[in-house]
Amino acid sequence: MPEIQRSCRFLKVDFDCYFQNLLEQRLIACGSLFPEIESMYRWKGKIEEGKEIKAVLKTQGCRFEAICMYIVENGSYEIPEIAQVDVVKGNPLYLSWALEATLP
């Protein structure tokens, strides 16, 4: 069961809508927000910094491409941060719930 992480500069109300859509499509079992993180990065030859919101989406690996497409189509970033992090171990009850919640 992987976690998909992404950061973006949306308002919380936008995330509520995105989470709702991803849940309704059974693409994620759960979405969590880490509001107001600070980031520094190199962008177009300059060092930038800003406040962002990081989201962690719990899902199955087979849902990764569909979630990527949703994020790219609905997000405001030119190149959104999207990474799959595979879970090596976890609470078996939680992992079973997350798997069931994302079945078609």
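The values are calculated or read from the model by the stated rules, or taken from the named source; none is laboratory data. Since this is a predicted model, take the numbers as computed values, not measurements. Virtual Cβ from ideal backbone geometry, glycine too; neighbours counted across all protein chains shown.
How many of the residues making up the stretch 26-37 are at pLDDT 90 or above and either farther than 16 Å from D14 by Cα or crowded, with 17+ Cβ neighbours inside 10 Å (or both)?
6
For F19, only one of the following conditions fails: (1) without any contact (Cβ under 8 Å) to a residue 40 or more places away in the chain; (2) surrounded by fewer than 16 Cβ atoms within 10 Å (Cβ to Cβ); (3) outside any strand (DSSP E or B). What is its number?
The one condition F19 does not meet is (2).
Residue-wise test of (1) surrounded by 13 or more Cβ atoms within 10 Å (Cβ to Cβ); (2) touching a Gly at 6+ places or on another chain (Cβ under 8 Å); (3) at pLDDT 90 or above.
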| residue | (1), (2), (3) |
| --- | --- |
| Q5 | yes, no, no |
| F10 | yes, yes, no |
| D14 | yes, no, no |
| I53 | yes, no, no |
| G61 | no, no, yes |
| I79 | no, no, no |
| L103 | no, no, yes |
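Please work out which residue is nearest to D14 (Cα to Cα), limiting yourself to the stretch 38-77 and to residues that are over 19 Å from the mean Cα position of the chain (by Cα) and among the acidic types (D, E).
Of everything passing the filter in the stretch 38-77, E49 is nearest to D14 (Cα to Cα).
Filter the stretch 81-101 for residues that are surrounded by 10 or more Cβ atoms within 10 Å (Cβ to Cβ) and touching a strand residue (DSSP E or B) at 6+ places or on another chain (Cβ under 8 Å) and give the result.
E81, I82, A83, Q84, V85, V87, A98, A101
Among the residues of the stretch 64-101, how many are of a type in the set (G, A, S), part of a helix (DSSP H, G or I) and touching a residue at least 40 places away in the same chain (Cβ under 8 Å)?
Final tally of qualifying residues: 3.
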